[in-house]
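Comments concern the structure below.
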Amino acid sequence: MKCDDCLNLLEVYLDGEAGERNREQVQEHLMKCANCTSAFEALTADRVQLATHLRERETAEGLRTVDGDRIPRTLSASSLMDHARCPKQFYWTRVRPLPRFSGPAARIGTEIHRWIERRASGQGRLLEADDTVDLTQEELAGDPGRMDRLRQAFLTSRYADRAPLFAERAFLLRVGGFAVSGRIDAIYGEPDGPWEIVDWKTGVGAADPLQLELYGLACVEIWHKAPEDLTLTYYYLARDEAVSQPMGSPDVVRERVQSSLSAIGTGVFEPTPGRWCGYCDFKGFCETGRAWLADNA
Ligand code: SF4
Ligand SMILES: [Zn+2]
């Protein structure tokens, strides 16, 4: 990609609307072009300013709860996970979205998923824009070899030479008044035999089991798998470790998902700070997050 093309695409890229091919090319170009990266950063700074302004207006209006029709009724599995981590972050991302401004390095998690998926399926299918990106700028800082090491970890894992039964399998589950959409990274096994459901994790922190359980629920309810035939695995590339659990009771999982969704339905989105504040786009104007970071510096 040439610099002119990259610069022309930056706005739509930041809006998350560049389309798969362009997005990939912009990301690749930004990784190696310092000029375009500074243009990207300037644009990002503008958006931070706009977000700050919107945030101030929101505070002035004293908004705490949200009327029902602002709450999205179709949610991605990853936004459900965002909500489980911090309802306020979910609010600023999905309910009253502030302009987006995550940097190119934070997108490396997406790159890795795409690379694995291409390798595993040989079909070159790509991921959606809002897939979980769980590798942070901070984690990457001063560590340019990281992406290669993650690739290497995959190549030496027990998954490297196996063809998944399904890769990037999409689903839509109805729970309560909501529809939850998601994509399962990989399913290994035989069509009528046991399945291992795998989600690739590029970050270091332990992931919430809810995401895998949701995938398990999709396998039970949509593809009619028996729960005892399902193993749920997070594969942590950064430490080359697979953490597996059995599926457990679909009723219990459904209840957990339901209670997350009802919490969203109440329209109250209080911040729940933690180490994740360190890489939250909104830490600049979230008092709770800032206080937590100051206390735990
Ligand atoms: S800074 Fe922390 S508490 Fe505030 S919205 Fe982000 S994740 Fe939530
Ligand atoms: Zn350039």
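The values are calculated or read from the model by the stated rules, or taken from the named source; none is laboratory data. Please read all numbers here as calculations on a predicted model, not as lab measurements. Please note: Cβ atoms are built from the backbone with ideal geometry, for glycine as well, and neighbour counts cover all protein chains shown.
Odds and ends about this structure:
Residue by residue, here is whether (1) aliphatic (A, V, I, L, M); (2) at pLDDT 75 or above; (3) crowded, with 16+ Cβ neighbours inside 10 Å holds:
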site: LEU9; (1), (2), (3): yes, yes, yes
site: THR59; (1), (2), (3): no, no, no
site: THR65; (1), (2), (3): no, no, no
site: GLY68; (1), (2), (3): no, no, no
site: TYR91; (1), (2), (3): no, yes, yes
site: ILE112; (1), (2), (3): yes, no, yes
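- GLU213, sole failed condition from (1) under 22 Å from CYS86 (Cβ atoms); (2) at pLDDT below 90: (2)
- Among (1) touching a residue at least 12 places away in the same chain (Cβ under 8 Å); (2) out of contact with any Asp or Glu (no Cβ under 7 Å at 6 or more places or on another chain), the one test that VAL198 misses: (2)
- Of the residues in segment 202-220, at least one is surrounded by fewer than 18 Cβ atoms within 10 Å (Cβ to Cβ), of a type outside the set (A, V, I, L, M) and more than 16 Å from ligand 1 (Cβ to nearest atom).
- Within segment 239-262, the set of residues being without any contact (Cβ under 8 Å) to a residue 24 or more places away in the chain and not hydrophobic (A, V, I, L, M, F, W, C) comprises GLU241, PRO246, SER249, ASP251, GLU255, SER259.
- Odd one out for GLN152 among (1) over 21 Å from ASP82 (Cβ atoms); (2) outside any helix (DSSP H, G or I): (2)
- Matching entry among THR37, THR44 (being buried (at least 16 other Cβ atoms within 10 Å of the Cβ), closer than 24 Å to VAL95 by Cβ and not assigned by TED's automatic domain parsing to the domain that holds THR93): THR44
- For segment 237-257, a tally of residues being surrounded by 20 or more Cβ atoms within 10 Å (Cβ to Cβ) and either more than 16 Å from LEU217 (Cα to Cα) or within 18 Å of the chain's Cα centre (by Cα) (or both) returns 2.
- Counting only residues that are within 16 Å of ligand 2 (Cβ to nearest atom), in contact (Cβ under 8 Å) with a residue 12 or more places away in the chain and not in a helix (DSSP H, G or I), segment 7-55 holds 1 of them.
- For segment 258-277, the set of residues classified as of a type in the set (Val, Ile, Thr) and crowded, with 19+ Cβ neighbours inside 10 Å consists of ILE264 only.
- One residue stands out among those in segment 278-294 that are within 6 Å of ligand 1 (Cβ to nearest atom) and more than 26 Å from ARG73 (Cα to Cα): the one that is surrounded by the most Cβ atoms within 10 Å (Cβ to Cβ), which is GLY289.
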